[in-house]
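Each reported figure results from applying straightforward, stated rules to the coordinates on display, with no laboratory input. Computed from a predicted model, the values in this text were never measured in an experiment. Please note: Cβ atoms are built from the backbone with ideal geometry, for glycine as well, and neighbour counts cover all protein chains shown.
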Amino acid sequence: MATDVLVLPSPLLGPAVYDPLAAALTDRGAPARVAHLPSGRWAPLEVLAPFVEQAREHRPSALLAHSNAGYLVPALRARAPVDVVVFVDAALPLVPGATTLLAPPGFAAFVADLPQEDGVLPPWRAGGTRPTSPVSSPRRTGWHGSPRRRLGWPRRTSPPPSRCRRAGLGSPA
């Protein structure tokens, strides 16, 4: 089956949370698949290479980026062009300056207060959030497979590609 939409999951949540979304898109005539994340513990920007590899392999016409996956879209599109990008509650690499933080300061402070073991955060949990759709509830699909992140990941930066800046989608000159 051809892939029309490649769903780029949040590096915090992991792909399993997005399976119901991909199934719903496929059921409505837009064949979709969820990009997998590298196994083990990895830095946030290390997800770019697997996303590029999957985009090249499946050749989707659209990317659907959620959360921090949005930061990776300009670099991904520079390596594996697609026709359309849909940002769903996604971070955008559009702040002034030469680089973009991988998380806003308030979220970085929140993450710093989470329990940790050997400098690694626990798997992401639903916490007090309520699912917005009875069809795709993370509480039903489970948070298993949520990746483990090192404590300092929200303070890392991502430089927007120069091509993106020239197109007006990055930091102002």
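HN-Hα J couplings of the range 56-65 from phi, Karplus 6.51/-1.76/1.60, θ = phi - 60°, integer Hz, Gly and Pro as x?
Rounded to whole hertz, the list is 5, 5, 8, 6, x, 8, 9, 10, 10, 9.
Which residues' amide hydrogens lie under 5 Å from the amide hydrogen of Val85, considering only partners 5 or more residues apart or on another chain, with H built in the peptide plane?
Leu63
Determine the gain in length on full extension of the stretch Asp113-His36; use 0.36 nm per residue of separation and subtract their C-alpha separation, reporting nm with one decimal.
24.9 nm
In which sequence would Leu8, Leu92 go, from the one with the fewest C-beta neighbours within 10 Å to the one with the most?
Going from least to most buried by this count: Leu92, Leu8.
Got a sec? How would Val85, Val5 order by Cβ neighbour count within 10 Å, fewest to most?
Ranking Val85, Val5 by Cβ neighbours within 10 Å, fewest first, gives Val85, Val5.
If you rank His58, His66 by fewest surrounding Cβ atoms within 10 Å, what's the result?
Ordered by Cβ neighbours within 10 Å, fewest first: His58, His66.
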